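K.L.:
Sharing a structure here in structure tokens format.
The values are calculated or read from the model by the stated rules, or taken from the named source; none is laboratory data. Bear in mind the structure is a predicted one, so any value in this text is a computation, not a measurement. Heads up, the Cβs are rebuilt from the backbone with ideal geometry, glycines too, and the neighbour counts pull from every protein chain shown. Surface areas here come from the heavy atoms of the whole protein model, side chains and all, with no ligands, DNA or RNA. Shrake-Rupley method; radii C 1.70, N 1.55, O 1.52, S 1.80 Å.
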Amino acid sequence: MTAETIRSLTNEEISLIRKEFPVLQQKIYGKPLVYFDNAATAQKPDAVIKSLTEFYSEYNSNIHRGVHFLSQKASDAYEQVREKVRNFIHAESESEVVFTRGTTESINLVAQSFGKAFVTEGDEVIISAMEHHSNIVPWQMMCEERKAVLRVIPINEKGELLTDELEKTLNSKTKIISVVHISNSLGTVNPVKKLIAQAHRREVPVLIDAAQSIAHEQIDVNDLDCDFMAFSSHKMLGPTGVGVLYAKRKWLEALPPYQGGGDMISGVSFEKTTYNEIPFRFEAGTQNIADVIAFGTSIDYLQSLDRKRLLFYEHQLLSYATERIKEVEGIRIIGTASEKSGILSFLIKGGNAMDIGMYLDTQGIAVRTGHHCTQPVMNFFKIPGTIRASFLFYNTISEIDIFIEALKKAARLFHKK
Ligand code: PMP
């Protein structure tokens, strides 16, 4: 991406965007809110909030099973979101889009169903050293159950994946690789397309944890050629409690159901149950209908903006913050990969991350402190946690200036030489 070919957002455009996010309008302790916790969850535009209210006040109804007007309307709206997701990630077919509760459930679904179908004693599963606990624990649980081995591709001091190690780790026992696209604690963007091609040369399928990248990249599952992809609506301006498992048709058809219950069957008797077609086979019970519909509105919202420009602007925010933070005494940036997106993790020498986070809070600045559900990353860097500022396109350069000035004060208060 170059400045010549992509125009960044103008101040006017940013302030128009910001007006659509009610949460951003408020003051915290008398100071304008600076929301830098977008990697944990993004704020919601008016349209998404309205969409939830509309569902409950106008056509609340259960889906797929009703013949009446409201149920038809709710079913149509719900299924339209499947098409919106398909289009957003460039999947071939809507039947490759399964609604789940979020990234975590999507990964658990694959770990359990794939494990049952394809993993036996002595087989191997590969993940990386920078995974979120959601992309570690489900595989660990499955490997324990099936007596398989979990293998880990290491990272270097910059927080980059040692991709050459993948080649050494892959072998005839490897059954699946699951790797994060953008690290939520380091901001590293992994070269997933290359990794997928490498795995496919050995016919090993790959799951991409896109929890962070779904908001910060233009995702094309066809181009990436990933077998599975997991992401959450709440990181891309939609509601919590909804997410997606994208899976190539051949995999969804080969996997056993994850949960049993209503809607996932085609016929039930006490002797035998036959399962519904994909993707419904993987959506047991009443789904999170209202939130799926509002998730669709968040996709409409994102699609209504020029995403190339948004992403370019986000890169500028990160570069600016990364440069300016160097002015803070005792600063140590954790995660200095050459490809980064949206996330700035750091420590102030001698200062406790929690104390600094709490001080920033008194200034109306919301950041996250701690291990960010990536304890192995923290162990690698031999630190208990970091302070993490994470940006989205509604953030501004002047918010970063406020943040840097507050950090300088925090450094004076807490920094021990
Ligand atoms: N993976 C990554 C990289 C994440 O950032 C997160 C959320 N912090 C998750 C997985 C889990 O997502 P969720 O809690 O929405 O299921």
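K.L.:
If Ile334 passes every condition in (1) within 16 Å of the ligand (Cβ to nearest atom); (2) under 27 Å from Pro45 (Cα atoms); (3) hydrophobic (A, V, I, L, M, F, W, C) but one, which one does it miss?
P.N.:
Condition (2) is where Ile334 drops out.
K.L.:
Report, by residue number, each residue of the stretch 2-40 that is open to solvent by less than 40 Å² (accessible area, probe 1.4 Å) and β-branched (Val, Ile, Thr). Steps first, answer last, please.
P.N.:
So in the stretch 2-40, the residues open to solvent by less than 40 Å² (accessible area, probe 1.4 Å) come out as 6, 8-9, 14, 17, 21, 24, 33-40.
Within the stretch 2-40, Ile6, Ile14, Ile17, Val34 qualify.
K.L.:
Within the stretch 190-228, which residues are of a type in the set (Gly, Ala, Ser) and more than 16 Å from the ligand (Cβ to nearest atom)? Outline the logic, then answer.
P.N.:
At the first step, the residues of the stretch 190-228 found to be of a type in the set (Gly, Ala, Ser) are 197, 199, 210-211, 213, 215.
Matches in the stretch 190-228: Ala197, Ala199.
Residue-by-condition table, conditions (1) within 11 Å of the ligand (Cβ to nearest atom); (2) under 24 Å from the mean Cα position of the chain (by Cα):
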residue: Thr100; (1), (2): yes, yes
residue: Thr104; (1), (2): yes, yes
residue: Val119; (1), (2): no, no
residue: Val125; (1), (2): no, yes
residue: Thr188; (1), (2): yes, yes
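K.L.:
Please specify each residue of the stretch 280-327 satisfying the condition of being part of a loop (DSSP other than H, G, I, E, B) and either polar (S, T, N, Q) or surrounded by fewer than 21 Cβ atoms within 10 Å (Cβ to Cβ) (or both).
P.N.:
Just the residues of the stretch 280-327 that are part of a loop (DSSP other than H, G, I, E, B), to begin with: 283-288, 305-306.
Ala284, Gly285, Thr286, Gln287, Asn288, Leu305, Asp306, listed by residue number.
K.L.:
May I pose another question? Looking for something touching a residue at least 60 places away in the same chain (Cβ under 8 Å) and assigned to a helix (DSSP H, G or I) - is there at least one such residue anywhere in the stretch 257-275?
P.N.:
no
K.L.:
Restricting to the stretch 229-252, name every residue that is within 16 Å of the ligand (Cβ to nearest atom) and small (Gly, Ala, Ser). If you could, list the steps in order and put the result at the bottom.
P.N.:
Applying the first criterion (within 16 Å of the ligand (Cβ to nearest atom)) to the stretch 229-252 yields 229-246.
Within the stretch 229-252, Ala230, Ser232, Ser233, Gly238, Gly241, Gly243 meet the criteria.
K.L.:
Can you go through Ser113, Ser178 and tell me which one is assigned to a strand (DSSP E or B), of a type in the set (Gly, Ala, Ser) and in contact with a Phe, Trp or Tyr (Cβ under 7 Å, 6 or more places away or on another chain)? Break it down into steps so the answer makes sense when it comes.
P.N.:
Working: Ser113 fails: assigned to a strand (DSSP E or B).
Just a single option satisfies the conditions, and that option is Ser178.
K.L.:
How do the helices (runs of 4 or more DSSP H) wholly within the stretch 198-256 filter down when requiring 2 or more residues that are within 29 Å of Asp37 (Cβ to Cβ) and in the same structural domain as Arg86 (by TED's automatic domain parsing): which remain? Working first, answer last.
P.N.:
Details: elements: 213-216, 221-224, 249-254.
In the stretch 198-256, 213-216, 221-224 are the helices (runs of 4 or more DSSP H) which contain 2 or more residues that are within 29 Å of Asp37 (Cβ to Cβ) and in the same structural domain as Arg86 (by TED's automatic domain parsing).
K.L.:
Just checking, how many residues over the stretch 143-165 are farther than 23 Å from Lys193 by Cα and in a loop (DSSP other than H, G, I, E, B)? Please lay out each step first, then the result.
P.N.:
Within the stretch 143-165, the first condition is being farther than 23 Å from Lys193 by Cα, and the residues that meet it are 143-149.
Checking which are in a loop (DSSP other than H, G, I, E, B) leaves us with 147-148.
Of the residues in that region, 2 qualify.
K.L.:
Out of Thr362, Thr336, Thr274, I need the residue that is open to solvent by 50 Å² or more (accessible area, probe 1.4 Å), over 19 Å from the mean Cα position of the chain (by Cα) and assigned by TED's automatic domain parsing to the domain that holds Arg82. Which one?
P.N.:
Values: Thr362 fails: assigned by TED's automatic domain parsing to the domain that holds Arg82; Thr336 fails: assigned by TED's automatic domain parsing to the domain that holds Arg82.
So the residue among Thr362, Thr336, Thr274 that is open to solvent by 50 Å² or more (accessible area, probe 1.4 Å), over 19 Å from the mean Cα position of the chain (by Cα) and assigned by TED's automatic domain parsing to the domain that holds Arg82 is Thr274.
K.L.:
May I ask you to say which residue of Ile89, Ile63, Ile49 is hydrophobic (A, V, I, L, M, F, W, C), under 27 Å from Val221 (Cα atoms) and surrounded by 13 or more Cβ atoms within 10 Å (Cβ to Cβ)? Walk me through how you get there before you give the answer.
P.N.:
Details: Ile63 fails: under 27 Å from Val221 (Cα atoms); Ile49 fails: under 27 Å from Val221 (Cα atoms).
Being hydrophobic (A, V, I, L, M, F, W, C), under 27 Å from Val221 (Cα atoms) and surrounded by 13 or more Cβ atoms within 10 Å (Cβ to Cβ) holds for just one of Ile89, Ile63, Ile49, which is Ile89.
K.L.:
Something else now. Name the pairs whose Cβ atoms lie under 6 Å apart, with the first residue in the stretch 85-107 and among the acidic types (Asp, Glu), the second within 16 Å of the ligand (Cβ to nearest atom) and open to solvent by less than 30 Å² (accessible area, probe 1.4 Å), and 6 or more positions between them or separate chains?
P.N.:
What qualifies is Glu96/Tyr246.
K.L.:
On the basis of being within 30 Å of Val137 (Cβ to Cβ) and of a type in the set (Asp, Glu), does Asp306 make the cut? Give the derivation first.
P.N.:
On the way: within 30 Å of Val137 (Cβ to Cβ): no; of a type in the set (Asp, Glu): yes.
Criteria not met by Asp306.
K.L.:
Going through the stretch 350-400 one residue at a time, which ones are more than 15 Å from the ligand (Cβ to nearest atom), among the hydrophobic types (A, V, I, L, M, F, W, C) and assigned to a helix (DSSP H, G or I)?
P.N.:
Ala353, Met354, Ile356, Met358, Leu360, Phe380, Phe381, Ile397, Ile400
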